[in-house]
1. Scan region 86-123 residue by residue and report those that are under 17 Å from Pro57 (Cα atoms), open to solvent by less than 50 Å² (accessible area, probe 1.4 Å) and assigned to a loop (DSSP other than H, G, I, E, B).
2. Are there any pairs with C-beta distances below 7 angstrom linking a residue in region 106-128 that is modelled with pLDDT of 95 or more to a residue that is basic (Lys, Arg) and exposed (fewer than 14 other Cβ atoms within 10 Å of the Cβ), with the two at least 6 apart or on different chains, and if so which?
3. Determine, yes or no, whether Arg39 is basic (Lys, Arg), more than 18 Å from Phe162 (Cα to Cα) and out of contact with any Lys or Arg (no Cβ under 6 Å at 6 or more places or on another chain).
4. So for region 41-50 (the condition being touching a Phe, Trp or Tyr at 6+ places or on another chain (Cβ under 9 Å), assigned to a helix (DSSP H, G or I) and loosely packed, with under 14 Cβ neighbours inside 10 Å), does at least one residue qualify?
5. Take region 18-40 and flag every residue that is open to solvent by less than 70 Å² (accessible area, probe 1.4 Å) and either among the charged types (D, E, K, R) or modelled with pLDDT under 75 (or both).
6. How do the pairs read when you match residues in region 157-178 that are touching a residue at least 40 places away in the same chain (Cβ under 8 Å) and acidic (Asp, Glu) with residues anywhere that are open to solvent by less than 60 Å² (accessible area, probe 1.4 Å) and assigned to a helix (DSSP H, G or I), using Cβ under 6 Å and keeping only pairs 6 or more apart or on different chains?
7. Only one residue in Phe58, Phe82, Phe27 is among the aromatic types (Phe, Trp, Tyr), without any contact (Cβ under 8 Å) to a residue 24 or more places away in the chain, touching a helix residue (DSSP H, G or I) at 6+ places or on another chain (Cβ under 8 Å) and under 22 Å from Met157 (Cβ atoms). Which one?
8. For residues that are in a strand (DSSP E or B), within 17 Å of Val96 (Cβ to Cβ) and open to solvent by 70 Å² or more (accessible area, probe 1.4 Å), tally how many sit in region 61-82.
Amino acid sequence: MLKTILIAIPVVIAGVLAYAATLPDTFHVSRSLEVHSPRESVFPLIADMQRFNTWNPFNKKDPNIKGTYSGPTSGPGAKYAFEGNNDVGSGDLAIVDVASPSRVTMKLDMLEPMRASNNITFTLEPDGQGTRVTWAMEGQMPYIGKVMHLVFNMDKMVGKDFENGLANLKALAEKSAG
């Protein structure tokens with residue numbers, strides 16, 4: 001019986017590692033929400049890094065986060081370097097492109113807890129009297145990330161934060177418009 005278990009364990013581990021190798025080399029997480037406010041009112045809450053951080057759920061996870069702004073206040077070149085607790089990590093977030101009032105593209109470079117470089121896009125589309133805001137993130141998934149993905153699903157981990165952030169944005173935008 002012990003011999004069977006000792007043989008089965010490496011076979012199971014090899015199977016899991018082989019399966020991880022078949023996963024995609026990239027990931028994509030996306031969430032959307034209807035905001036009852038025009039795009040022109042919502043856009044500055046995303047394209048201005050300081051205003052962005054008033055509703056950013058990741059910034060709210062650490063009340064003692066250390067952050068530094070550089071570059072312009074908004075638009076391409078606006079940058080926020082941060083160092084936070086284990087829930088936040090450290091890295092920087094920079095706006096790389098805008099198409100007012102429909103899109104803001106950012107680059108997230110994480111240093112801790114794990115090095116990563118991801119692209120973030122906020123898309124604002126007219127939707128009736130309001131705006132449909134979509135928050136999307138995509139990036140490379142190296143082999144170690146694929147193995148970790150088997151236990152820590154990126155969509156489930158980050159998706160809930162995106163939903164909370166969009167709810168924060170909605171509340172702020174609708175309060176400002178009302």
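1. Across region 86-123, the qualifying residues are Val88, Gly89.
2. Taking only residues 6 or more apart or on different chains, not a single pair turns up.
3. Spelling it out, Arg39 is indeed basic (Lys, Arg), more than 18 Å from Phe162 (Cα to Cα) and out of contact with any Lys or Arg (no Cβ under 6 Å at 6 or more places or on another chain).
4. Yes, region 41-50 contains at least one residue that is touching a Phe, Trp or Tyr at 6+ places or on another chain (Cβ under 9 Å), assigned to a helix (DSSP H, G or I) and loosely packed, with under 14 Cβ neighbours inside 10 Å.
5. Step one: list which residues in region 18-40 are open to solvent by less than 70 Å² (accessible area, probe 1.4 Å), which gives 18, 20-21, 23, 27, 29-35, 37-39.
Those that are open to solvent by less than 70 Å² (accessible area, probe 1.4 Å) and either among the charged types (D, E, K, R) or modelled with pLDDT under 75 (or both): Ala18, Ala20, Ala21, Leu23, Arg31, Glu34, Arg39.
6. Asp161/Pro57
7. Working: Phe58 fails: without any contact (Cβ under 8 Å) to a residue 24 or more places away in the chain; Phe27 fails: without any contact (Cβ under 8 Å) to a residue 24 or more places away in the chain.
Answer to the check: Phe82.
8. Selection size over region 61-82: 2.
The values are calculated or read from the model by the stated rules, or taken from the named source; none is laboratory data. Worth saying up front: this structure is predicted, and the values here are computed from it rather than measured. In this analysis, Cβ positions are derived from the backbone assuming ideal geometry, glycine residues included, and neighbour counts consider all displayed protein chains. Note: accessible area is taken over every heavy atom of the protein model, side chains too, but ligands, DNA and RNA are not part of it. Shrake-Rupley method; radii C 1.70, N 1.55, O 1.52, S 1.80 Å.
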